[in-house]
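Trainee: Handing you this structure, nothing more for now.
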Amino acid sequence: MHTWYRRSAILATVALATLSGSGYAAEKTKPYPHYWISVATTNQNMPGMSEEMAGMAALFGGKGPAFGPRRELTLQVESPRPMPDKPQAAHEIPPVQNMGSSLPLLTPRREKPAREMPDEMPTPVKREIPEEYEKPKGRMLFYWGCGETVAAGQPKVLDATKMKPEEMGKFFKSRTPSQQTPPSDRKGWVYGEWPNSEERKDVPADSSLVGEHQITGNYLPDIRFSLDKKRDFMAPVEFSTLQPTPAGAIKVEWKPIPTAIGYFATAMGQNAKGDTVFWSSSEVQEMGSALMNYLTPGDVARFIKEKVVMEPVRTSCTVPPVFKDGQGGMLQFIAYGEQLDIVHPPKPKDPKQPWNPQWSLKVRLKSYGMSPLAAAGAESGRRERPAAASSRKKQEQAEVREDESRERTRPQGGEADEESQRGKGIGNRLRGLFGF
């Protein structure tokens, strides 16, 4: 029986090798240019945000205390053609984009050799932990799911003083979306980008991508395509309600985004004990650390089926009462958009027919918003009765006079005020817990 099994395996190997040498094997295509358009709408408008919340916002990518809706555009191209003496390329845009007739795709000046893309990932090197290494301290509480109450079996607790590094890795493990590798400056390819060192202008609020587009240059063929409303800038994330409930939960409602194909939300903050609290909108345990970015439509559909991403018909989600006894949390919210993928010419249906792609195009979209959940309490406070409001106003006026007096007596160049210190403290504690 053993001899028969070996002979069968050899015959199968020979058959596969024969097929590989025939016309039925997939012919390897030659490298061809790739053009990526990354389209984003952001809304980080946080009225009245304190220094404390601004410190936390910086950890989430915020660059300041207040942002309104903004449109962002990133253009990247790479081509395997030889590098010209003066590489030139431009993206000719439709008039409704309101950014001129074209956007220059600049090739960066290389101060050092371009990186090479390895065929295989290098074997990880095991590093010894130095003796002076101090283990991080603190706890993280992880909750998930929309609802008025905390579901059974929650929270999952990470205690940095007790858990081993491999146990921490399991705690933060999350679903992995399809890998997306945008064009880049690498050896053997010519690369161009916008915005760049010579042109970096804001995208107008009324800009639109709908219409005919063309990319021209001396290191790539002409790339022509058109974009429809599904691949235009998405509507901004706008919260119509951030309302606390009697139980301490926070009802979050948002305006529908017409071209969204799914939604996902997370929040991070602290409780009264100083523990870091993390929450995600997923119905199943999922931190979603890799989901707050562009996702392919296939991944979005898969994550909706797995009850991780919310369906596009949803317009509300209640954050359970996990931040009620602390200093609030920072809410992140993302809407995923349609994606366009084109390879020219298209792959023939007949596998025997040769295929020589000339170029490929990818257009990916997202809309991102961020808001402190503390805004829910502020919104609730604005609805207090007239008598209470009058009393509060007098108290605030007294506090202002006291602050002005203290400001006059404080030496110039002294330490930051207590509120700023609290904001820095939050950032330091999060960095200490997670090592960033």
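Trainee: Just one of the numbered conditions (1) among the basic types (Lys, Arg); (2) touching a strand residue (DSSP E or B) at 6+ places or on another chain (Cβ under 8 Å); (3) in a helix (DSSP H, G or I) is not true of ARG302; which one?
Mentor: Condition not satisfied by ARG302: (2).
Trainee: Next question. Can you name every residue in the stretch 145-182 that is open to solvent by 50 Å² or more (accessible area, probe 1.4 Å), modelled with pLDDT under 75 and either under 30 Å from VAL363 (Cβ atoms) or touching a Phe, Trp or Tyr at 6+ places or on another chain (Cβ under 9 Å) (or both)?
Mentor: PHE172
Trainee: Do you know which of the residues in the stretch 214-238 that are of a type in the set (S, T, N, Q) and open to solvent by less than 40 Å² (accessible area, probe 1.4 Å) is nearest to GLY192 (Cα to Cα)? Steps first, please.
Mentor: Step one: of the stretch 214-238, the residues of a type in the set (S, T, N, Q) are 214, 216, 218, 226.
Pick out the ones that are also open to solvent by less than 40 Å² (accessible area, probe 1.4 Å) and you get 214, 216.
Details: GLN214: 15, THR216: 11 Å.
This residue is THR216.
Trainee: Residues to consider are SER226, SER240; find the one that is among the small types (Gly, Ala, Ser) and at pLDDT 95 or above.
Mentor: SER226 is the lone residue from the list that is among the small types (Gly, Ala, Ser) and at pLDDT 95 or above.
Trainee: Right, next: ASP341 - would you say it is surrounded by fewer than 14 Cβ atoms within 10 Å (Cβ to Cβ) and in contact with a strand residue (DSSP E or B) (Cβ under 6 Å, 6 or more places away or on another chain)? Walk me through how you get there before you give the answer.
Mentor: Numbers: surrounded by fewer than 14 Cβ atoms within 10 Å (Cβ to Cβ): yes; in contact with a strand residue (DSSP E or B) (Cβ under 6 Å, 6 or more places away or on another chain): yes.
It is true that ASP341 is surrounded by fewer than 14 Cβ atoms within 10 Å (Cβ to Cβ) and in contact with a strand residue (DSSP E or B) (Cβ under 6 Å, 6 or more places away or on another chain).
Trainee: Would you confirm, using the coordinates I've provided, whether ARG200 is modelled with pLDDT of 70 or more, closer than 27 Å to TYR336 by Cα and in contact with a helix residue (DSSP H, G or I) (Cβ under 8 Å, 6 or more places away or on another chain)?
Mentor: On the way: modelled with pLDDT of 70 or more: yes; closer than 27 Å to TYR336 by Cα: yes; in contact with a helix residue (DSSP H, G or I) (Cβ under 8 Å, 6 or more places away or on another chain): no.
For ARG200, the condition - modelled with pLDDT of 70 or more, closer than 27 Å to TYR336 by Cα and in contact with a helix residue (DSSP H, G or I) (Cβ under 8 Å, 6 or more places away or on another chain) - is not met.
Trainee: On to the next question. Restrict the check to the stretch 349-363 and report whether at least one residue is within 30 Å of VAL237 (Cα to Cα) and either touching a Lys or Arg at 6+ places or on another chain (Cβ under 6 Å) or open to solvent by 40 Å² or more (accessible area, probe 1.4 Å) (or both).
Mentor: yes
Trainee: On the given criteria, is VAL190 surrounded by 15 or more Cβ atoms within 10 Å (Cβ to Cβ), among the aliphatic types (A, V, I, L, M) and either over 24 Å from the mean Cα position of the chain (by Cα) or modelled with pLDDT under 95 (or both)? Walk me through it before giving the result.
Mentor: Values: surrounded by 15 or more Cβ atoms within 10 Å (Cβ to Cβ): yes; among the aliphatic types (A, V, I, L, M): yes; either over 24 Å from the mean Cα position of the chain (by Cα) or modelled with pLDDT under 95 (or both): yes.
So VAL190 fits the description; yes.
Trainee: Among the numbered criteria (1) of a type outside the set (D, E, K, R); (2) open to solvent by 20 Å² or more (accessible area, probe 1.4 Å); (3) touching a residue at least 60 places away in the same chain (Cβ under 8 Å); (4) under 19 Å from PRO177 (Cα atoms), which one does GLY288 miss?
Mentor: The single condition GLY288 does not satisfy is (2).
Trainee: While we're on this one: Give all pairs with beta carbons closer than 6 Å in which a residue from the stretch 323-349 that is of a type in the set (S, T, N, Q) meets a residue that is at pLDDT 85 or above and assigned to a strand (DSSP E or B); count only pairs at least 6 apart in sequence or on separate chains.
Mentor: That search, which allows pairs on different chains as well, returns GLN327/GLN270; GLN332/THR266; GLN332/MET370; GLN339/ARG364.
Trainee: Quick one: PRO246 ticks every box in (1) touching a strand residue (DSSP E or B) at 6+ places or on another chain (Cβ under 8 Å); (2) more than 28 Å from THR107 (Cβ to Cβ); (3) open to solvent by 50 Å² or more (accessible area, probe 1.4 Å); (4) of a type outside the set (D, E, K, R) except a single one, so which number is it?
Mentor: If we test PRO246 against (1) touching a strand residue (DSSP E or B) at 6+ places or on another chain (Cβ under 8 Å); (2) more than 28 Å from THR107 (Cβ to Cβ); (3) open to solvent by 50 Å² or more (accessible area, probe 1.4 Å); (4) of a type outside the set (D, E, K, R), just (1) comes out false.
Trainee: Considering each of THR296, THR315 in turn, give the residue that is of a type in the set (Val, Ile, Thr), within 16 Å of the chain's Cα centre (by Cα) and open to solvent by 10 Å² or more (accessible area, probe 1.4 Å). First the steps, then the outcome.
Mentor: Values: THR315 fails: within 16 Å of the chain's Cα centre (by Cα).
None of the others qualify; the one that does is THR296.
Trainee: Moving to a separate point now. Select from the stretch 50-106 the residues that are of a type in the set (Gly, Ala, Ser) and modelled with pLDDT of 95 or more and write down the one among them that is most open to solvent (accessible area, probe 1.4 Å). Spell out the reasoning first.
Mentor: First pass over the stretch 50-106, keeping only residues of a type in the set (Gly, Ala, Ser): 50, 54-55, 57-58, 61-62, 64, 66, 68, 79, 89-90, 100-102.
Retained after the next criterion (residues that are modelled with pLDDT of 95 or more): 79, 89-90, 100-102.
Numbers: SER79: 0, ALA89: 14, ALA90: 24, GLY100: 54, SER101: 89, SER102: 45 Å².
Checking each candidate, the answer is SER101.
Trainee: Could you tell me how many of the residues in the stretch 174-201 are outside any strand (DSSP E or B) and either of a type outside the set (Asp, Glu) or on the phi > 0 side of the Ramachandran plot (or both)? Give the derivation first.
Mentor: Looking only at the stretch 174-201, we keep the residues that are outside any strand (DSSP E or B), and these are 174-185, 187-189, 195-201.
Next cut, either of a type outside the set (Asp, Glu) or on the phi > 0 side of the Ramachandran plot (or both) only: 174-184, 187-189, 195-197, 200-201.
Here the count works out to 19.
The values are calculated or read from the model by the stated rules, or taken from the named source; none is laboratory data. Computed from a prediction, not measured in an experiment: that's the story for all the values here. Here the Cβ is made from the backbone with ideal geometry for all residues, glycine too, and neighbour counts use every protein chain on show. To get the accessible areas, we keep the full protein, side chains included, count just its heavy atoms, and leave off ligands, DNA and RNA. Shrake-Rupley method; radii C 1.70, N 1.55, O 1.52, S 1.80 Å.
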